[in-house]
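The block underneath contains the structure these notes are about, expressed in structure tokens.
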Amino acid sequence: MVKMKLYNLGKVPWYESQLIYHALAKLGQEALVLLSPSTPYVCIGFHQNPAQELDLEYCKANAIPVFRREVGGGAVYLDGDQLFFQLILRKDNPIVPKKRGVFYKKFLSPVINVYRRIGIHAEYRPINDVVVKKRKISGTGVGEIGDCIVFVGNVIRDFDYEMMERVLRVPDEKFRDKIKKSLIDNLTTIRHELGEKRAKQCDEKRLSQMLVEEFQKIIGPTEDMAMDDLLQNMVNDLKRIMLNDTWLHQKGKRKLGTEVKIRSGVKVLHRTHKAAGGLMRGDFEIRDGRFVNVSLSGDFFCFPSNGINRLEEMLEGCKTDMARRVIKEFYCKDDIETLGIGVEDWMHIFEVN
């Protein structure tokens, strides 16, 4: 039996905490990776627009780097108090469920078991949450990179709520206060659940070992690995691509505003909708009854990852009264999956009175 590669790396430079799993996936190498960043940073989902989601001036002034991952989901502040687990599996691996909902339930079980082993009664809540009394205690996401499926997440020892709300772009301070309160009300940590003294006993080494033991129940035996030249070279190649403004701002050319009339028959719209699968945003023009310059973003998950680009292309030039038909056709093509988002959700964005 071929053993799964295990990279138990401890603290690494912040950018390597993202680039390593991207590199393994692009190399087609299956592995379980455990690590945490040595310094803080902000990570945004593949479909998000950094200028809309983040206070980029604040991040720059406080030397907080921003990284766009090739996995969906939302913006999150990450630091060394969070232990990352990253599972890279080939799409044709028989242990990979076909449906994403089943995938999450299966591969979140090791995380839930670790929390329970340290005395926290965590539970699975669809689509991809681990909760304690309705409060989230692990952030996770799944994406397709090359021929692999990548499952990433964290075990949260502690969390800087104030920094999380501070890096976000908000309309005013009152709204910022609401974000902070919502974070505190809806996200918990090992420190909060166990108290200071017991939480100190759950150090990174202990949690990593338990994660390995629980993941082995699903993926089988593992083999300890160090980063070799092939992996390091791929990390270096990706660093040149993914740590520059071109990659970060590739989805950033958005129009602002809610609805601005330019002239008769021409207006610019910005619409949002909170679906079960996440926040959806649509920026587009309507010119003489047709959609033009359609741009979509949000903290949702789409499989395959370029599916949203296809929807943008299908809607470009489409008559406004044909939106529903086009969106239905979109879901009939190429096994598109948008977890927690369906036709009616998109119609909140594209329905025109």
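Scan (1) aliphatic (A, V, I, L, M); (2) more than 27 Å from HIS249 (Cα to Cα); (3) touching a Cys at 6+ places or on another chain (Cβ under 9 Å) for the single condition ILE341 breaks and write down its number.
(2)
Take LEU32 and tell me if it is crowded, with 18+ Cβ neighbours inside 10 Å, at pLDDT 95 or above and not hydroxyl-bearing (Ser, Thr, Tyr).
Judged against the criteria, LEU32 is a match.
Mind counting the residues in region 114-161 that are hydroxyl-bearing (Ser, Thr, Tyr) and over 23 Å from ASN93 (Cβ atoms)?
2
State whether one or more residues within region 163-178 are free of Cβ contacts under 8 Å to residues at least 40 places away in the same chain, in contact with a strand residue (DSSP E or B) (Cβ under 8 Å, 6 or more places away or on another chain) and farther than 28 Å from ASN306 by Cα.
Scanning region 163-178, I find at least one residue that is free of Cβ contacts under 8 Å to residues at least 40 places away in the same chain, in contact with a strand residue (DSSP E or B) (Cβ under 8 Å, 6 or more places away or on another chain) and farther than 28 Å from ASN306 by Cα, so the answer is yes.
Which residue pairs have Cβ atoms closer than 7 Å, lie 6 or more positions apart in sequence or on different chains, and pair a first residue in region 14-27 that is touching a residue at least 24 places away in the same chain (Cβ under 8 Å) with a second residue that is part of a loop (DSSP other than H, G, I, E, B)?
Within 7 Å, the pairs are TRP14/SER38; TRP14/THR39; TRP14/PRO65; TYR15/LEU243; GLN18/ARG69; HIS22/GLU70; ALA25/GLY146; LYS26/GLY146.
Which members of region 95-153 meet the condition of being part of a helix (DSSP H, G or I) and either among the aromatic types (Phe, Trp, Tyr) or under 18 Å from CYS202 (Cα atoms) (or both)?
PHE103, TYR104, PHE107, PRO110, VAL111, ILE112, ASN113, VAL114, TYR115, ARG116, ARG117
Being in the same structural domain as PHE84 (by TED's automatic domain parsing), of a type in the set (Gly, Ala, Ser), outside any helix (DSSP H, G or I) and over 25 Å from GLY119 (Cβ atoms), is that true of even one residue in region 194-212?
There is no residue in region 194-212 that is in the same structural domain as PHE84 (by TED's automatic domain parsing), of a type in the set (Gly, Ala, Ser), outside any helix (DSSP H, G or I) and over 25 Å from GLY119 (Cβ atoms).
A quick yes/no check of all residues on (1) crowded, with 20+ Cβ neighbours inside 10 Å; (2) more than 15 Å from LEU32 (Cα to Cα):
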residue: ASP129; (1), (2): no, yes
residue: LYS134; (1), (2): no, yes
residue: SER138; (1), (2): yes, yes
residue: VAL150; (1), (2): yes, no
residue: ASN154; (1), (2): yes, no
residue: ASP158; (1), (2): no, yes
residue: TYR161; (1), (2): no, yes
residue: GLU165; (1), (2): yes, yes
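Only one residue in PHE46, PHE103, PHE67, PHE85 is under 17 Å from the mean Cα position of the chain (by Cα) and more than 20 Å from TRP14 (Cα to Cα). Which one?
Selected residue: PHE103, the only one of PHE46, PHE103, PHE67, PHE85 that is under 17 Å from the mean Cα position of the chain (by Cα) and more than 20 Å from TRP14 (Cα to Cα).
Would you tally the residues in region 296-342 being among the aliphatic types (A, V, I, L, M) and farther than 21 Å from GLY74 by Cα?
6
Give the residues of region 213-234 that are surrounded by fewer than 18 Cβ atoms within 10 Å (Cβ to Cβ) and of a type in the set (A, V, I, L, M, F, W, C), sorted by residue number.
ILE218, ALA226, MET227, LEU230 - these are the residues of region 213-234 that are surrounded by fewer than 18 Cβ atoms within 10 Å (Cβ to Cβ) and of a type in the set (A, V, I, L, M, F, W, C).
Take region 291-340 and flag every residue that is surrounded by 20 or more Cβ atoms within 10 Å (Cβ to Cβ) and in contact (Cβ under 8 Å) with a residue 60 or more places away in the chain.
Those that are surrounded by 20 or more Cβ atoms within 10 Å (Cβ to Cβ) and in contact (Cβ under 8 Å) with a residue 60 or more places away in the chain: LEU296, SER297, GLY298, ASP299, PHE300, PHE301, CYS302, ILE308, THR338, LEU339.
Go through LYS91, LYS5 for me and flag whichever is in contact with a strand residue (DSSP E or B) (Cβ under 8 Å, 6 or more places away or on another chain) and either surrounded by 23 or more Cβ atoms within 10 Å (Cβ to Cβ) or modelled with pLDDT under 95 (or both).
Unique residue meeting the criteria: LYS91.
The values are calculated or read from the model by the stated rules, or taken from the named source; none is laboratory data. It should be emphasised that the depicted structure is a prediction, and the values quoted were computed from it without experimental measurement. Cβ coordinates were reconstructed from backbone atoms using ideal geometry, including for glycine residues, and neighbour counts include every protein chain displayed.
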